[in-house]
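> Questions regarding the structure given below will be posed in turn.
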Amino acid sequence: MQTLVGWHIDMEFREEGHQRTRAAALVRLPDGTEVRGHGTAQRHPSDSDQLRVGEEIAGARALMDIASQMLQKAHGEIDEASGRTSHDLG
């Protein structure tokens, strides 16, 4: 199997106090499009302080945001190329 393209995703995290983690993700597509996603995680005050878990949750939510945007982009490209409304890809 041959790889045609590769995507690289940049992700940054920011801690806000001891209870909130924010993630920002960016993927650059071969057509020059940049898709940005955001996600947050909030720790309950009674939970132990585990920054890694907050990063995983916030990061996953940022990637889900990107996935949703990319599905919408793909729908638009299919619709434009075919001249009709595409079926839900999600």
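Conditions tested, residue by residue: (1) under 14 Å from His8 (Cα atoms); (2) of a type outside the set (Asp, Glu).
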position	(1), (2)
Thr33	yes, yes
Gln42	no, yes
Ser48	no, yes
Val53	no, yes
Glu56	no, no
Leu63	yes, yes
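> Give the range 31-59 a look and list any residue that's surrounded by 13 or more Cβ atoms within 10 Å (Cβ to Cβ) and within 27 Å of Val5 (Cα to Cα), or say none.
Correct list: Val35, Arg36, Gly37, His38, Gly39, Glu56, Ala58, Gly59.
Rule-based calculations on the coordinates, nothing more; no lab input. Keep in mind that what you see is a predicted model, and the values were worked out from it rather than measured. Glycine gets a Cβ as well: all are built from the backbone with ideal geometry, and neighbour counts include every protein chain shown.
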